[in-house]
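The values are calculated or read from the model by the stated rules, or taken from the named source; none is laboratory data. Nothing here was measured: the structure is a model prediction, and the numbers come from that model. Using ideal geometry, Cβ is built from the backbone for each residue, glycine included, and neighbour counts are taken over all protein chains shown. Keep in mind that these areas ignore ligands, DNA and RNA; they rest on the heavy atoms of the full protein, side chains included. Shrake-Rupley method; radii C 1.70, N 1.55, O 1.52, S 1.80 Å.
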Amino acid sequence: MTKNAQVIYLKDYQVPSFIIETTDLDIRIGDEYTSVVARLKVRRNPASKEVSSELVLQGSKDIKLQEVMMDGLILDASNYDLEAAVLSIHHCPEVFELTTECLIQPQLNTTLEGLYKSGGMYCTQCEAEGFRNITYYLDRPDALSVFTTRISANKESYPILLANGNPIDQGDLENGEHFAVWHDPFPKPAYLFAMVAGNLVRQDEEFTTMSGRKVDLQIFVEAHNSHKCDHALASLKRSMLWDEQVYGREYDLDLFMIVAVDDFNMGAMENKGLNIFNSDCVLADPATSSDAMFERIEGIVAHEYFHNWSGNRVTCRDWFQLSLKEGFTVYRDAQYTADTYSAAVKRIDDVTLLRTHQFAEDAGPMAHPIRPASYMEINNFYSVTVYEKGAEVVGMIHTLLGDELFRKGSDLYFDRHDGQAVTTDDFIAAMSDASNIDLSQFKRWYSQAGTPTLTVTDTYDPVNKEYSLTIGQSTPATAECEEKLPFHLPFRMALLDANGKEMPLKLRGADLVHEKSSVLNITQAQQTFTFEAVLQHPTPSLLRGFSAPVKLDYAYTQEQLLFLASQDQDGFCRWEACQRLLIEAMEQAMSQAANVQLEHTLEAMLRSSLVDEDLDPAMVAKLVQLPSEAYLAEMQSTVDVDLIHTGREAMRCAIALALESELLACYQRCHDTGLFRQTAKAIGQRALKNTCLAYLNTLGKPQYQTMAQDQYALNANMTDVGAALTILISQEDGRLATPLLAEFYQSWQGDAQVVDQWFAMQSGANLVGRLPHVQALLQHEAFDIRNPNKVRSVVGGFIRSAINFHSADGSGYEFVADMVLRLDPINPMIAANLAKPLGRFKRHTVGRQQLMQAQLQRLSKADLSNDVYEIVSKALSVS
Ligand code: B3K
Ligand code: ZN
């Protein structure tokens, strides 16, 4: 590979040498060109040691610079340089006004970063470095400025003109044009800038803050989506109230706007006062959206809203600090969901995500600490590590500090740094100062990558009534560091007596007796904790609530696991015990291939969950579901995709055979044909009954296929329709699904969100030999390679179906590499996401490793974007 991509290092950080106090933008939207005039009030930054008087502004190759003026005088070319998209203004005084005029063509911008056109509307995405596609600027998160934005456009095509903050002026102009002026009083970095021009309808709500201020809440969507806004508006109000109650944080502007956009690289964006959302992450209606989508939307609405404090009021000093806002905000949205719905189910979902995807990232070529030390393309670091592991790290601080001190710490953090751009060290300092707890060793979580394994052994001394736990930790080497120093982590545990009751815990050397569970502070490579007055040999309940993002290695006996699966009060540990048993059974099934039978203890365990009508049905669904193939792959040292698939399928059949009557009874009990409800119970029942229906349909019996067809035909809601259709697609010959898929498309072709689901159901089908079908989907009239949701549905769905992506002949890898090459010139960010799975070849069988590497080699010969180059070069350099 020859490319000379620049590597940016955290250690090179320097404060900006200039401050832009105010930014006045005048954006005139035209059919061919959009003109951007930026008037900046600039002064030297007294905190900078830089001696040069040159102001260096970032731009992009697609900006056409028309004019540069300083203090009202046009600068000639000798006063500035424009090279490689960087504008350098020479000889700048202490204080001055700089005005630039540029032309851009948003309608040609397919990267979806900066100002671009989605359908008939103009919109922006500026995080991380999109603002430089709009105009030359100090495009870095520690350059805070007060923005005023004037937008003008044709009134008929773009009746709605929005930007951050409050509207301060508007009016008509000549030639059918009109304008609006917006002012945002809160200084902000350019990545939080947003504007929208389009033909949109509005849905309104109102919220009164804890200090009695009225805030207008507005969602803007295309007219045909106006019936899909209620859920997001209700979610927003709940989030606003929760943030006041739990963090004492109030919204600060009088207006909060959300705009739904069809073409969007990620889920949503927290721009100050003007959140922009991927339509898929905000619009919902029971007829078109599943329960899972409703839940996801609520989480994302909450997440973006919470960023107003954790991200906007207190922002990041540089992009290495991304987890400062993302880890904290993911943690906050998880707390919100746990408080609002089932805490145990939310925890199980989050741990599953972390173990499936983040552990994989930590074990692959893109492994990085939650605060990376270097990057080539920052977009590649909006990762499960920065987000989900980052949230786990904040959660560990909460566990170490306890509720009261954690709140004191977050108050201190927000108060101390309001209006500033800060670092993860500042966050830790606030937490530590407020609690008087030393977090210096804890900070290693920010600089060391890799997933630690905790090896736990125990002994019981019946004479002295003492129980000891010895906990060792070790973390594999990753690219940034070979030798890992021990982490500081909270290890929550309990000891259960023979009746499953939590025993009082008296730790030797500690004064306090914990009534139920305790949090052990792990700080060393190996430590022993001895508990006194332990009257009987206990069953340990370890890593309760998954109190740290680690792998736990403790040699549980099957008997202990069965006990925990039925007795543990900790919802996470109960589920975990169940999962361990199922995984062990599946590992056996993998070695047997044929004639898999369910052991009767396991059968009894699953049966007791299925018949227990007092248990939360959502929890029962979790307890009886097998781990995904991706999750199982993470458990294995060498991944054998086929073995995992056949073993898991065999196990699914064995469960269905053994528990057929219970599954059927459970399905019938939960199948509510009455009025559609969205209560927690009804949602849990739908999850459980669809789990049962899927199990029953592994048996290939016509009566269960008919049940799925009937459920589809009932057309009660998208959760049930989607589940039934997915089950029918997974029946071997496709005979039943084909006419339904055609009918489904006919009915829903006008709704992009439903069409995306239709694509994903087909491309993700867990049947061998699906590549031709997926290739045909790419030719479908509704597929558009420029739309990230479509690419995620079709190509992303295919990658998720491991037996197809990892097809032994390499055709899946070749297909994905083809797609990366096709997409890279259009949208590098999405192309890089598709390339990531190819990089994880190391854990596969030798034949697959070679095939994956061959495709990476092929990619490396192409002229790649920085985004894809970073993924490919890092993958090849560790081989
Ligand atoms: N902050 C945005 C993510 C921006 C991604 C840029 N490549 C959404 C979020 O995490 O809330
Ligand atoms: Zn975020």
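Considering only residues of the range 823-853 that are under 19 Å from F264 (Cβ atoms) and among the β-branched types (V, I, T), which is nearest to the chain's Cα centre (by Cα)?
Result: I830.
Just to check your reading of the model, which residue among N312, N308, N278 is touching a Leu at 6+ places or on another chain (Cβ under 7 Å) and at pLDDT 95 or above?
Exactly one residue qualifies, and that residue is N312.
Answer yes if at least one residue in the range 347-360 is under 23 Å from L241 (Cα atoms), in a helix (DSSP H, G or I) and open to solvent by less than 10 Å² (accessible area, probe 1.4 Å), and no otherwise. Can you show your working first?
Applying the first criterion (under 23 Å from L241 (Cα atoms)) to the range 347-360 yields 347.
Pick out the ones that are also in a helix (DSSP H, G or I) and you get 347.
Next cut, open to solvent by less than 10 Å² (accessible area, probe 1.4 Å) only: none.
No, the range 347-360 contains no residue that is under 23 Å from L241 (Cα atoms), in a helix (DSSP H, G or I) and open to solvent by less than 10 Å² (accessible area, probe 1.4 Å).
Which one of S53, S48 is over 30 Å from K874 (Cα atoms) and in contact with a Pro (Cβ under 7 Å, 6 or more places away or on another chain)?
Details: S53 fails: in contact with a Pro (Cβ under 7 Å, 6 or more places away or on another chain).
Of the residues listed, the single one that is over 30 Å from K874 (Cα atoms) and in contact with a Pro (Cβ under 7 Å, 6 or more places away or on another chain) is S48.
Kindly provide the set of residues from the range 50-85 that are among the aliphatic types (A, V, I, L, M), in a strand (DSSP E or B) and open to solvent by less than 90 Å² (accessible area, probe 1.4 Å), ordered by number. Quick ask: steps written out before the conclusion?
Going through the range 50-85, the residues among the aliphatic types (A, V, I, L, M) turn out to be 51, 55-57, 63, 65, 68-70, 73-75, 77, 82, 84-85.
Checking the rest, the ones that are also in a strand (DSSP E or B) come to 55-57, 65, 68-70, 73-74, 82.
Listed by number, the residues that qualify are L55, V56, L57, L65, V68, M69, M70, L82.
Is it true that S145 is farther than 30 Å from A292 by Cβ, in contact (Cβ under 8 Å) with a residue 60 or more places away in the chain and more than 28 Å from the chain's Cα centre (by Cα)?
Numbers: farther than 30 Å from A292 by Cβ: yes; in contact (Cβ under 8 Å) with a residue 60 or more places away in the chain: yes; more than 28 Å from the chain's Cα centre (by Cα): yes.
So S145 passes the test.
Within the range 238-290, take every residue that is more than 30 Å from D411 (Cα to Cα) and of a type in the set (S, T, N, Q) and give me the one that is nearest to ligand 1 (Cβ to nearest atom).
Looking at the filtered set, the residue picked out is N265.
Counting only residues that are more than 16 Å from ligand 1 (Cβ to nearest atom) and within 21 Å of E222 (Cα to Cα), which one in the range 291-314 is farthest from the chain's Cα centre (by Cα)? Spell out how you get there, then give the answer.
Pass one, the range 291-314, residues more than 16 Å from ligand 1 (Cβ to nearest atom): 291-295.
This time we only want the ones that are within 21 Å of E222 (Cα to Cα), so: 293-294.
Numbers: M293: 14, F294: 16 Å.
Checking each candidate, the answer is F294.
If you take the residues in the range 144-170 that are in a loop (DSSP other than H, G, I, E, B) and open to solvent by 10 Å² or more (accessible area, probe 1.4 Å), which one is nearest to ligand 1 (Cβ to nearest atom)?
As a first pass, look at the range 144-170 and keep what is in a loop (DSSP other than H, G, I, E, B): 144, 155-159, 164-165.
With open to solvent by 10 Å² or more (accessible area, probe 1.4 Å) added as a condition, the list becomes 144, 155-159.
Numbers: L144: 17, K155: 31, E156: 32, S157: 28, Y158: 25, P159: 28 Å.
Only one residue tops the list, namely L144.
Taking the conditions exactly as written (assigned by TED's automatic domain parsing to the domain that holds D612, over 24 Å from Q753 (Cβ atoms) and not in a helix (DSSP H, G or I)), does T646 satisfy them or not? Reasoning before the result, please.
Working: assigned by TED's automatic domain parsing to the domain that holds D612: yes; over 24 Å from Q753 (Cβ atoms): yes; not in a helix (DSSP H, G or I): no.
Answer is no for this residue.
Restricting to the range 762-776, give me the number of residues that are in contact (Cβ under 8 Å) with a residue 12 or more places away in the chain, surrounded by fewer than 21 Cβ atoms within 10 Å (Cβ to Cβ) and assigned to a helix (DSSP H, G or I).
2
In the range 486-505, how many residues are in contact with a His (Cβ under 8 Å, 6 or more places away or on another chain) and open to solvent by 70 Å² or more (accessible area, probe 1.4 Å)?
Residues that pass the stated criteria total 1.
Looking at the range 280-298 only, could you name the residues that are open to solvent by less than 10 Å² (accessible area, probe 1.4 Å) and either assigned to a helix (DSSP H, G or I) or within 15 Å of ligand 2 (Cβ to nearest atom) (or both)?
The answer is C281, V282, I297, E298.
Residue-wise test of (1) open to solvent by less than 20 Å² (accessible area, probe 1.4 Å); (2) within 16 Å of S566 (Cα to Cα); (3) part of a helix (DSSP H, G or I).
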residue: L598; (1), (2), (3): no, no, no
residue: L606; (1), (2), (3): yes, yes, yes
residue: S609; (1), (2), (3): yes, yes, yes
residue: A618; (1), (2), (3): no, no, yes
residue: L623; (1), (2), (3): yes, yes, yes
residue: C653; (1), (2), (3): no, no, yes
residue: L663; (1), (2), (3): yes, no, yes
residue: Q678; (1), (2), (3): no, no, no
residue: K681; (1), (2), (3): no, no, yes
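So for the range 397-413 (the condition being more than 16 Å from ligand 2 (Cβ to nearest atom), open to solvent by 10 Å² or more (accessible area, probe 1.4 Å) and under 25 Å from T356 (Cα atoms)), does at least one residue qualify?
Here is the first cut: in the range 397-413, the ones more than 16 Å from ligand 2 (Cβ to nearest atom) are 397-413.
Next, from what is left, pick out any that are open to solvent by 10 Å² or more (accessible area, probe 1.4 Å): 398-405, 407-408, 411-412.
Filter again for under 25 Å from T356 (Cα atoms), leaving 398-399.
Within the range 397-413, one or more residues are more than 16 Å from ligand 2 (Cβ to nearest atom), open to solvent by 10 Å² or more (accessible area, probe 1.4 Å) and under 25 Å from T356 (Cα atoms).
Which residues, counting only those in the range 361-400, are in contact with a strand residue (DSSP E or B) (Cβ under 6 Å, 6 or more places away or on another chain) and in a helix (DSSP H, G or I)?
Result: F381, M396, T399, L400.
Scan the range 455-465 and tell me whether some residue there is in contact with a Ser or Thr (Cβ under 6 Å, 6 or more places away or on another chain), among the hydrophobic types (A, V, I, L, M, F, W, C) and not in a strand (DSSP E or B). Spell out how you get there, then give the answer.
Filtering the range 455-465 down to residues in contact with a Ser or Thr (Cβ under 6 Å, 6 or more places away or on another chain) leaves 457, 459.
Among the residues that remain, those that are also among the hydrophobic types (A, V, I, L, M, F, W, C) are: none.
There is no residue in the range 455-465 that is in contact with a Ser or Thr (Cβ under 6 Å, 6 or more places away or on another chain), among the hydrophobic types (A, V, I, L, M, F, W, C) and not in a strand (DSSP E or B).
How do the pairs read when you match residues in the range 320-334 that are near ligand 2 (Cβ under 9 Å from one of its atoms) and at pLDDT below 95 with residues anywhere that are outside any helix (DSSP H, G or I) and aromatic (F, W, Y), using Cβ under 7 Å and keeping only pairs 6 or more apart or on different chains?
Close Cβ pairs (under 7 Å, with a partner that is outside any helix (DSSP H, G or I) and aromatic (F, W, Y)) do not exist here.
Does the range 23-45 include one or more residues that are surrounded by fewer than 14 Cβ atoms within 10 Å (Cβ to Cβ) and over 22 Å from I151 (Cα atoms)?
Looking for residues that are surrounded by fewer than 14 Cβ atoms within 10 Å (Cβ to Cβ) and over 22 Å from I151 (Cα atoms), one finds none in the range 23-45, hence no.
Among (1) away from ligand 2 (no atom under 13 Å from the Cβ); (2) in contact with a His (Cβ under 6 Å, 6 or more places away or on another chain), where does F264 come up short?
Result: F264 fails condition (2) only.
Going through the range 735-756 one residue at a time, which ones are free of Cβ contacts under 8 Å to residues at least 60 places away in the same chain and either open to solvent by less than 20 Å² (accessible area, probe 1.4 Å) or part of a helix (DSSP H, G or I) (or both)? Reasoning before the result, please.
As a first pass, look at the range 735-756 and keep what is free of Cβ contacts under 8 Å to residues at least 60 places away in the same chain: 735-747, 749, 755.
Answer for the range 735-756, where residues must be free of Cβ contacts under 8 Å to residues at least 60 places away in the same chain and either open to solvent by less than 20 Å² (accessible area, probe 1.4 Å) or part of a helix (DSSP H, G or I) (or both): A737, T738, P739, L740, L741, A742, E743, F744, Y745, Q746, S747, V755.
Applying the selection to the range 561-582, what residues are in a loop (DSSP other than H, G, I, E, B) and either buried (at least 22 other Cβ atoms within 10 Å of the Cβ) or without any contact (Cβ under 8 Å) to a residue 12 or more places away in the chain (or both)? Don't jump to the end; show me each part of the working.
Restricting attention to the range 561-582, the residues satisfying the condition of being in a loop (DSSP other than H, G, I, E, B) are 568-570.
Selection gives D568, D570.
List every residue pair whose Cβ atoms sit under 8 Å apart, with the two residues 6 or more apart in sequence or on different chains, where the first one lies in the range 171-194 and is surrounded by fewer than 20 Cβ atoms within 10 Å (Cβ to Cβ) and the second, anywhere, is of a type in the set (D, E) and not in a strand (DSSP E or B).
G176/E156; F186/D252
Suppose we filter the range 251-279 for residues that are within 24 Å of Y341 (Cβ to Cβ) and in a loop (DSSP other than H, G, I, E, B); how many remain?
So the count comes out to 4.
If you take the residues in the range 430-450 that are open to solvent by 40 Å² or more (accessible area, probe 1.4 Å) and in contact with a Phe, Trp or Tyr (Cβ under 9 Å, 6 or more places away or on another chain), which one is farthest from V15 (Cα to Cα)? Working first, answer last.
Residues of the range 430-450 open to solvent by 40 Å² or more (accessible area, probe 1.4 Å): 433, 436-438, 440-441, 443-444, 447.
Okay, now just the ones that are also in contact with a Phe, Trp or Tyr (Cβ under 9 Å, 6 or more places away or on another chain), so 441, 444.
Working: Q441: 27, R444: 24 Å.
This residue is Q441.
Quick check: is even one residue across the range 534-550 in contact with a Pro (Cβ under 8 Å, 6 or more places away or on another chain) and outside any loop (DSSP other than H, G, I, E, B)?
Scanning the range 534-550, I find no residue that is in contact with a Pro (Cβ under 8 Å, 6 or more places away or on another chain) and outside any loop (DSSP other than H, G, I, E, B), so the answer is no.
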